[in-house]
Every structure is written in C-alpha cells, then in structure tokens.
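The values are calculated or read from the model by the stated rules, or taken from the named source; none is laboratory data. What you are looking at is a predicted structure, and each value in this text was computed from that prediction instead of being measured. Every residue, glycine as well, gets a Cβ built from its backbone with ideal geometry; the counts of neighbours run over all protein chains shown. Surface areas here come from the heavy atoms of the whole protein model, side chains and all, with no ligands, DNA or RNA. Shrake-Rupley method; radii C 1.70, N 1.55, O 1.52, S 1.80 Å.
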Amino acid sequence: MIDILINFFITSSLVIFGIALLLTLFRIIKGPTTSDRVVAFDTVSAVLMSIVGVLSIIFGTFTFLDSILLIAIISFVSSVSISRFIEGGHVFHANSKRKR
C-alpha cells in the first residue's frame, strides 16, 4: 500500500514539474522584458534541480546530486552575469585598476 502511494506521488511530482517547466519555458520565450526572462531562467533551473532530485529518488542513486550542484552553480553565475549586464551594459570591469 505504501509503495503504491510513493509511486503515485513520485509520478505526479514529475508530471507537475514537467508542466511547470513548460510554463516557464513559455515565459522565457514570450517574456515582455529581459528581467522576466531572467526570473524565468532561474525558475527553470530550480525546476530542473527538482526533476533531477526526483529522478535520483527513482533510480536510488546519489550520483545525480552532483549534477544538481552543478546546475545550481551555473544558474547562480549566469543570473549574476545577466543582471550585471542589464544594470550597466558590461559584466567585467576591464578598465578599473586595483589600488594597492
């Protein structure tokens, strides 16, 4: 009985995460502003991390947890880079020299 419920909830969570992924991909494509697209990209990465976590539970392995960490790091770096580009038009300050 418990196994049936666990399988039902894992399957339904994958379906819900799939629907959420499709909706956020629609927001990335249709988003009216760049800020909306950045937020949707962050949401996509969070949903992808959730899907990989559920797949890790299904396959009963811990090896997928490294890929969750990798997705989180790439998502953070890309969000910061895009936000800095939107704010000032450049990501790195090449002309600024450090004072020593």
Can you name the number of the only condition in (1) at pLDDT 90 or above; (2) among the polar types (S, T, N, Q); (3) not in a helix (DSSP H, G or I) that Thr24 fails?
(3)
Members of the stretch 55-79 found to be closer than 20 Å to Leu25 by Cα and open to solvent by less than 70 Å² (accessible area, probe 1.4 Å), listed by number
Ile68, Ile71, Ala72, Ser75, Ser78, Ser79
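Please go through the stretch 62-78 and give me each residue that is over 10 Å from the mean Cα position of the chain (by Cα) and assigned to a helix (DSSP H, G or I), ordered by number. Let's see the steps before the verdict.
Step one: of the stretch 62-78, the residues over 10 Å from the mean Cα position of the chain (by Cα) are 62-67, 69-70, 77-78.
The answer is Phe64, Leu65, Asp66, Ser67, Leu69, Leu70, Val77, Ser78.
Please find, within the stretch 8-35, the residue that is farthest from Ser78 (Cα to Cα) out of those that are free of Cβ contacts under 8 Å to residues at least 12 places away in the same chain and open to solvent by less than 60 Å² (accessible area, probe 1.4 Å). Write out each step before concluding.
Our first condition is that a residue be free of Cβ contacts under 8 Å to residues at least 12 places away in the same chain; within the stretch 8-35, this holds for 8-9, 11-12, 15-16, 19, 22-23, 26, 29-33.
Now drop any that are not open to solvent by less than 60 Å² (accessible area, probe 1.4 Å), which leaves 12, 31.
Numbers: Ser12: 30, Gly31: 18 Å.
Only one residue tops the list, namely Ser12.
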Of the residues that make up the stretch 81-90, is at least one of a type in the set (Asp, Glu) and either under 20 Å from Ile19 (Cβ atoms) or surrounded by 11 or more Cβ atoms within 10 Å (Cβ to Cβ) (or both)?
no
Quick one: Ala40 ticks every box in (1) at pLDDT 90 or above; (2) open to solvent by 80 Å² or more (accessible area, probe 1.4 Å) except a single one, so which number is it?
(2)
